[in-house]
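Step one of this worksheet: look at the structure below.
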Amino acid sequence: MGATAVIGAQWGDEGKGKVIDLLAEQADYVVRFSGGNNAGHTVINHLGEFRLHLVPAGIFNSQTTCIIGNGVAIDPEVLLGEIDQLEAANIDTSRLLISDRAHIVFPYHKLLDELEEGRLDANAIGTTRRGIGPAFTDKTARRGLRMGDLLDREGLRAKLEIAMEYANLVLQGVYGQPAIAVEGVYEQCRHWAERLSGIIQQTELIINRALLEQKEVLLEGAQGTLLDLDFGTYPYVTSSHPGASSAYQGAGIGPIRIDHIVGVFKVYCTRVGGGPFPTELNDEHGEHIREVAHEYGVTTGRPRRIGWFDAPMARLSNLVNGYSSVILTRLDVLDQLETIRICTGYRLGGQTLDFPPSSAADLAECVPIYEELPGWLEPTSDFRHVQDLPKNARAYIDRLEEHIQAQVSMLSIGPRRDENIIVRPAL
Ligand code: GDP
Ligand code: IMO
Ligand code: MG
């Protein structure tokens, strides 16, 4: 038995939290491998309704060990708040471990994120302002601090001084802001260390041992492939890699240890923040979907932008991740639509494109080519077998499968753990 990676296949918020919570029923380990608390994963199960930002969505299963892997940037303040919230709801968090190699998001990263978005003004990325970009910038610039540094009291202060010297130069010189004192941040670190030191470990050793012992390991993605630094709509992307390559890098396992790569797609598209979005619906259809589906960001509460399913984007997503199967979520959201559109390609300067161009400026010029399918005008949430679904719903799913060029393993037809139709075994 190897690992299974669950990847956001579009612009995030595809329903990864729900899927992980469900699949974790069979998993010994769930490992978050990328992003930070820019993520917002919703889980609705028999224990209640939860919004997770850092804690893996396997935490609700009492036999599952949850790991925040080396690829994640951790804001310890947010993590501690999340642990407290879960404990207050009687969820046992004693099976949570944190990689000592995971980078720390400091308050000055959040401040830098906000200041830079403000400076960019009309050209802003529309980040979640959680400091994720600046924290990953420090990681690649080799001045970041890692969770393991919290365990070394003396070394911690020296490293913090070096990192903050740079942060203060930027705060003062670029943004004209006052410097931040090291002492206060150091004290915060001591507090974080007191509470978290017992669970900060070399998690890549634990995960690899688990794989050797034939344990079931789920790798939990955050964000989505179209927000990837390389393959997303750059520069309107996040500062990490949400795709399959990150699943092994961000957990510390070899690529061939991953048996299954499951892509999670909504049956339409959403995106939060700036950037081109060819199939965006700025009309009553978009409004309808936003309200029916309550499409508002889990992390920031911003209304999500809504669009029709975009096959060129889906093809790229499959191309760069190599999905062994896909899960389609939120089918029920389209129950009331008379007609549904799928973007099959783009028109750009007299050419027809099957894949999105790499330049955001070109993408903004792309005109979607649509095919139209009849809706099914019937509630789908109560179905549990694919053959019982309305004919038009099956036709729509078949069409998406053809466009994505990967097999559908499961349909999600409601936000709760048990609202699914298994189409064929995914794992
Ligand atoms: P994630 O970031 O990929 O985990 O997704 P989010 O939690 O940010 O957003 C997905 C939203 O869709 C959440 O509100 C889920 O409760 C909800 N959801 C997931 N699957 C379904 C589904 O099949 N139908 C409906 N109606 N809602 C769903
Ligand atoms: P989950 O895991 C949707 C988007 C932001 C912004 C861009 C950059 O819930 O799917 P950042 O704060 O990362 O620097 O912002 O990325 N973004 C997400 N959109 N779901 C997410 O996570 C996101 N995480 C970041 O809205 O456009
Ligand atoms: Mg989300």
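Exposure proxy ranking for H241, H285, based on other Cβ atoms within 10 angstrom of each Cβ and starting from the fewest, stands as H285, H241. Restricting the stretch 156-188 to chymotrypsin sites (Phe, Trp or Tyr not before Pro) that sit in a DSSP loop and have at most 16 other Cβ atoms within 10 Å of their own Cβ leaves Y175.
Relative to the current alpha-carbon distance between V170 and Q63, full extension at 0.36 nm per residue lengthens the span by 33.9 nm.
If I stretch the segment between L120 and S381 completely, what's the gain in nm (0.36 nm per residue apart, minus their alpha carbon distance), one decimal?
On the way: separation 261, 0.36 × 261 = 93.96 nm, distance 4.32 nm.
Roughly 89.6 nm would be gained on extension.
If you take all C-alpha pairs in the stretch 103-196, what percent of them are over 22 Å apart? Roughly 26 percent, rounded to a whole number. Here each label is just a point 7 Å from Cα along the line to Cβ, and for I256 and V320 those points are 2.6 nm apart.
The trypsin sites (Lys or Arg not before Pro) of the stretch 116-158 meeting both criteria, a DSSP state outside H, G, I, E and B (loop) and at most 15 other C-beta atoms within 10 angstrom of the site's C-beta, are R142, R143. The order of H288, H103, H294, going from fewest to most other C-beta atoms within 10 Å of their C-beta, is H294, H288, H103. Of F33, F50, F136, the sequence from fewest to most neighbouring Cβ atoms within 10 angstrom is F50, F136, F33. Angle of helix 76-88 to the longest C-alpha principal axis of the chain, folded into 0 to 90 degrees and rounded to 10: 70°. Modelled this way, with points 7 Å down the Cα-to-C-beta line, the labels at A158 and D230 are 3.6 nm from one another.
Once the Cα atoms of helix 153-173 and of the chain are each reduced to a long axis, what angle between those two axes, in degrees from 0 to 90 to the nearest 10, is obtained? The angle comes out near 70 degrees.
Could you work out how much longer the chain between V367 and A395 gets when fully extended? Use 0.36 nm per residue separation minus the Cα distance between them, nm to one decimal. All intermediate terms of the calculation are to be shown ahead of the outcome.
Details: separation 28, 0.36 × 28 = 10.08 nm, distance 2.49 nm.
Answer, rounded to one decimal: 7.6 nm.
Take every Cα pair under 8 Å whose residues are at least 6 apart in sequence, average their separation, divide by the length of the stretch 193-238, and the relative contact order is 18 percent. Between rounded, prolate and oblate, where does the stretch 356-427 land on the alpha carbon gyration tensor, with a ≥ b ≥ c its root eigenvalues, rounded for a/c under 1.5, else prolate if a/b exceeds b/c? Since a/c reaches 1.5 and a/b is larger than b/c, the shape of the stretch 356-427 is classed as prolate. Only DSSP H runs of four or more residues enter the estimate; each adds -39500 (n - 2.57), and after division by the residues of the chain the mean residue ellipticity at 222 nm equals -9500 deg cm²/dmol.
The calculated FRET efficiency for the pair A89 and E213, based on their C-beta separation and a Förster distance of 22 Å, comes to about 0.10. DSSP bridge analysis restricted to the chain gives an antiparallel fraction near 40%, rounded to the nearest 5. A crude spin-label estimate for the pair Q249 and S358, with each label 7 Å from Cα along the Cβ direction, gives 1.6 nm. The value for the chain of Rg(Cα) / (2.2 N^0.38 Å) is 0.98. In summary, the lysines within cross-link reach of K266, defined as a Cα separation below 16 angstrom excluding same-chain residues under 8 places away, comprise K16, K18.
Coordinate-derived values only; no laboratory data. Keep in mind the model is a prediction, meaning the values are calculated, not measured. Virtual Cβ from ideal backbone geometry, glycine too; neighbours counted across all protein chains shown.
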